[in-house]
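The values are calculated or read from the model by the stated rules, or taken from the named source; none is laboratory data. Small disclaimer: the values here were computed from a predicted structure and weren't measured. Here Cβ is always computed from backbone atoms with ideal geometry, including for glycine, and neighbour counts include all displayed protein chains.
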Amino acid sequence: MRKVVAIILASAFFAVLLVSFSNIQQADYGEKEYYYQNPINGSYANESVPSHYISNTKNETGAVNAVTAIVVEYRGFDTLGEVTVLFTAATGVSFLLYKTRGGKKRTEANLILKEGSKLVLPFILLTGAYIFIHGHLTPGGGFPGGAVIASGFLLMMLSYPKFFMKERAVSVTESMAGITFAFIGLLGLVFASSFLQNFLPLGDAGYILSAGIIPIIYIAIGFKVGSELSSIADKLKEVQK
Amino acid sequence: MVTPVLMIAIPLLAAFLMPLIKKAHRYFTFSILLLNAILSVLLFAKVYNDGAIYETIAGFSPPVGIYLAVDNLSALLALIINLFATINFVTSKKDFKFSMLYLLGVTGATGIVLTGDIFNMFVFFEITAVASYALVASKKDEKAVEGSIKYMILGSVGSSFMLIGIAIIYSQLKSLNLYDIAARISSMDPKMMWLSFSFLLTGIGVEAELFPLNGWVPDAYEGASSNIASFLSFGPSKASIYAIARLLIIFSMSRTYELALYVGIATLLIGEVAAFMQKNEKRMLAYSSIGQMGLILIAFSLIKDTSYAIPAAFFIIVSHASAKSSLFLISGKKGFGGITSKYVGLAGVLSLIGMPPMAGFWGKWYLLMGIADEKMWAVAAVIIFSAVIEAIYFARYLHKNLGEGESEDLGYSIPAAVMVSVSIVMGILPLIYNMAGGVLNA
């Protein structure tokens with residue numbers, strides 16, 4: 001009975017969503033001219049937010065990759081928050097799960113996985129580092145780069161049952177990266193006028209040393225995400241006695 | 001220089017720093033929380049004198065970048081959250097990871113209150129919710145894990161609903177700024193407006209303990225250790241009910257206010273009746289929290305109609321945050337053994353059922369005044385009926401506990417006494433009415 005009710009409710013919900021989301025397409029889904037009054041200085045803007053991003057990103061932030069500019073500069077505060085969410089989740093996992101290591105016996109991985117992972121690991125780490133160092137130039141950035149690095153460590157955990165992350169090193173990396181991010185934000189408050197504001201020269205767009213604080217923040221995020229995801233995988237591997 | 005962003009940036013920096021300084025983590029966390037409470041006092045003084053503060057982040061003016069918007073009510077709420085967090089933290093006896101999660105949870109709740117950007121609000125919701133899931137489970141027994149898992153499932157579904165609501169608004173208005181959305185919401189297709197409103201209300205409603213999204217509440221409060229139950233009742237829930245108030249002001253349609261009123265009445269009635277039927281003490285307190293959240297929502301749903309709404313909501317928030325948190329703190333033992341916990345129990349209950357001279361009295365008084373102005377007698381009858389039920393079960397609670405009991409743990413009852421004193425002070429100083437009556441501009 002409960003299942004029937006649940007199915008009926010779920011399909012009704014689905015139908016409502018389907019009808020309403022199909023309406024979004026029909027409604028004008030694009031630019032609308034509008035006048036927005038800035039509550040801080042009372043000035044008016046007549047350009048919508050997305051078109052502002054498209055036309056001004058390169059001049060304002062020096063980054064070629066507009067997505068990165070939005071993630072790290074325009075909405076950098078959100079990114080600091082998202083990094084904190086991941087940090088909170090990793091802390092929560094290690095707070096609740098950390099017990100003993102070892103415990104039950106695991107089957108050894110086969111030869112191909114063991115030798116292959118040795119061969120592939122350096123390239124995985126290199127790719128991850130490339131992705132987050134070049135975040136302001138090419139698609140990618142700190143989050144995917146960190147995830148790639150964590151996947152390298154996950155591969156090691158799969159092929160060597162006795163492989164454990166060095167807990168102290170991981171947590172120090174994680175902390176240092178987080179501190180770097182928040183500290184750069186505070187430096188922005190000191191050297192420029194607001195939190196997380198760029199205070200370095202923008203440089204020539206398209207070069208690796210450009211876009212002010214974006215590469216520094218993205219490298220910090222890369223280290224942070226990489227160490228957090230690998231520590232979560234490491235904690236989940238441990239056995240609770 | 002007091003800027004609101006420091007209240008978010010400094011605790012985040014401190015939380016990142018915590019694994020490096022493990023040893024003195026309790027003093028460190030305590031001093032950061034205290035610093036935040038002091039900052040929020042200064043912030044409130046500044047907002048009260050100079051009017052609302054808008055602070056840009058990353059140097060891009062609002063529709064493009066993010067900004068923090070602080071008015072009287074949000075500064076006061078930030079003060080309440082950080083002050084109680086500081087007092088409550090005295091009872092913590094766990095390791096540095098607990099301190100970290102606690103600090104992050106408080107920061108998230110502060111961020112929700114201070115931010116002026118809807119996606120930023122979502123991010124802070126995530127921080128405080130994820131920290132709360134872990135904190136609820138911190139006792140690591142079966143009940144704690146059950147409460148935590150229920151909370152986590154409902155909470156994460158709720159956050160995805162909230163995200164969809166934000167996405168709909170962005171697809172229509174191309175903006176995430178609360179002020180901007182409020183100014184142009186009328187240009188949105190009404191169907192889309194209702195869709196996004198219902199997604200947002202459902203998403204935030206999980207955290208704000210609204211009916212019918214509050215299935216996690218009794219289990220989480222029962223399973224959590226007493227200082228975390230206390231944290232849940234002054235931190236995340238208060239911040240999210242404030243977020244709902246901002247939402248109501250943004251959408252600002254008579255029908256959305258009406259919907260909020262009905263949800264509030266249902267939450268109030270069901271919470272109070274369930275508390276009345278409940279035998280387990282912690283669960284009873286949890287259901288009573290649900291009822292109080294309904295009362296706050298009723299107050300906020302009258303914002304447009306009467307100027308009493310904001311003071312009413314503010315006093316109920318103060319009364320509930322201080323009284324319920326202190327009752328949870330002393331709920332670990334059987335009965336109120338010593339004089340301090342007897343005082344806490346009595347003062348807390350008096351404030352919750354709305355007796356003068358406590359803060360709870362002013363809350364219910366202003367609420368009933370506002371309702372009487374609008375001549376909504378049915379709502380007034382519901383509130384009085386629920387107050388009677390509340391009085392009955394709290395009388396039972398006092399009768400059971402005020403007699404003999406286990407000897408009290410002063411480490412818990414003294415912080416609880418400090419917390420509940422806030423309720424008394426705010427009851428004696430109804431001058432605060434003038435401050436709370438300030439504009440709540442979204």
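Across region B:103-116, the number of residues qualifying as over 15 Å from the mean Cα position of the chain (by Cα) and either farther than 27 Å from B:Leu248 by Cβ or at the interface with another protein chain (Cβ under 8 Å from one of its Cβ atoms) (or both) comes to 2. Among the residues making up region A:189-209, those that are within 16 Å of A:Ala220 (Cα to Cα) and either within 11 Å of chain B (Cβ to nearest Cβ) or modelled with pLDDT of 85 or more (or both) are A:Leu196, A:Asn198.
Can you tell me which residue within region B:142-156, out of those that are more than 12 Å from chain A (Cβ to nearest Cβ) and surrounded by fewer than 17 Cβ atoms within 10 Å (Cβ to Cβ), is farthest from the chain's Cα centre (by Cα)? The selected residue is B:Glu142. As for region B:273-293, it holds no residue that is acidic (Asp, Glu) and over 30 Å from B:Ser413 (Cα atoms). Of all residues in region B:123-135, none satisfies being more than 10 Å from every other protein chain (Cβ to nearest Cβ), in contact with a Leu (Cβ under 8 Å, 6 or more places away or on another chain) and hydrophobic (A, V, I, L, M, F, W, C). Remark: pairs (first residue in region B:309-322, in the same structural domain as B:Gly348 (by TED's automatic domain parsing); second residue surrounded by fewer than 24 Cβ atoms within 10 Å (Cβ to Cβ) and aromatic (Phe, Trp, Tyr); Cβ separation under 7 Å; 6+ apart in sequence or on different chains) = B:Pro311/B:Tyr433. Here region A:176-222 is the region considered, the condition is being of a type outside the set (A, V, I, L, M, F, W, C), surrounded by 16 or more Cβ atoms within 10 Å (Cβ to Cβ) and outside any helix (DSSP H, G or I), and the residue that is farthest from the chain's Cα centre (by Cα) is A:Ser194.
Residues are listed down the side, and each one gets a yes or a no for (1) more than 25 Å from B:Asn88 (Cα to Cα); (2) not acidic (Asp, Glu); (3) not in a loop (DSSP other than H, G, I, E, B):
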| position | (1), (2), (3) |
| --- | --- |
| B:Pro356 | yes, yes, no |
| B:Ile371 | yes, yes, yes |
| B:Val379 | yes, yes, yes |
| B:Ile384 | yes, yes, yes |
| B:His399 | yes, yes, yes |
| B:Glu406 | no, no, no |
| B:Gly411 | no, yes, yes |
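Looking only at residues in region B:93-102 that are aromatic (Phe, Trp, Tyr) and surrounded by fewer than 24 Cβ atoms within 10 Å (Cβ to Cβ), the one that is nearest to the other protein chains (Cβ to nearest Cβ) is B:Phe98.
Considering region B:346-359, and only residues there that are closer than 15 Å to B:Ala391 by Cα and modelled with pLDDT under 85, the residue that is surrounded by the fewest Cβ atoms within 10 Å (Cβ to Cβ) turns out to be B:Pro356. Set side by side, the residues B:Leu76, B:Leu35, B:Leu83, B:Leu17 differ, and just one is over 30 Å from A:Ser51 (Cα atoms), assigned to a helix (DSSP H, G or I), of a type in the set (A, V, I, L, M) and within 11 Å of chain A (Cβ to nearest Cβ), which is B:Leu17. Is it true that A:Phe132 is assigned to a helix (DSSP H, G or I) and within 13 Å of another protein chain (Cβ to nearest Cβ)? Judged against the criteria, A:Phe132 is not a match. If the condition is being of a type in the set (Phe, Trp, Tyr) and surrounded by fewer than 17 Cβ atoms within 10 Å (Cβ to Cβ), then region B:2-29 contributes only B:Tyr27. Within region B:366-415, restricting attention to residues that are closer than 14 Å to B:Gly332 by Cα and of a type in the set (D, E, K, R), the residue that is surrounded by the fewest Cβ atoms within 10 Å (Cβ to Cβ) is B:Glu406.
The residue that is farthest from the chain's Cα centre (by Cα), counting only those in region A:146-175 that are polar (S, T, N, Q) and within 14 Å of chain B (Cβ to nearest Cβ), is A:Ser171. Of the residues making up region B:173-191, those that are out of contact with any Phe, Trp or Tyr (no Cβ under 8 Å at 6 or more places or on another chain) and within 7 Å of chain A (Cβ to nearest Cβ) number 4. Here B:Val90 meets the list (1) of a type in the set (Val, Ile, Thr); (2) buried (at least 24 other Cβ atoms within 10 Å of the Cβ); (3) farther than 15 Å from B:Glu207 by Cβ; (4) more than 11 Å from chain A (Cβ to nearest Cβ) almost entirely, failing just condition (2). For region B:51-73, indicate whether the set of residues that are crowded, with 20+ Cβ neighbours inside 10 Å, under 23 Å from A:Leu196 (Cα atoms), more than 7 Å from every other protein chain (Cβ to nearest Cβ) and out of contact with any strand residue (DSSP E or B) (no Cβ under 9 Å at 6 or more places or on another chain) is non-empty. No, because not a single residue in region B:51-73 is crowded, with 20+ Cβ neighbours inside 10 Å, under 23 Å from A:Leu196 (Cα atoms), more than 7 Å from every other protein chain (Cβ to nearest Cβ) and out of contact with any strand residue (DSSP E or B) (no Cβ under 9 Å at 6 or more places or on another chain). Counting the residues of region B:201-220 that are touching a Leu at 6+ places or on another chain (Cβ under 9 Å) and within 14 Å of chain A (Cβ to nearest Cβ) gives 1.
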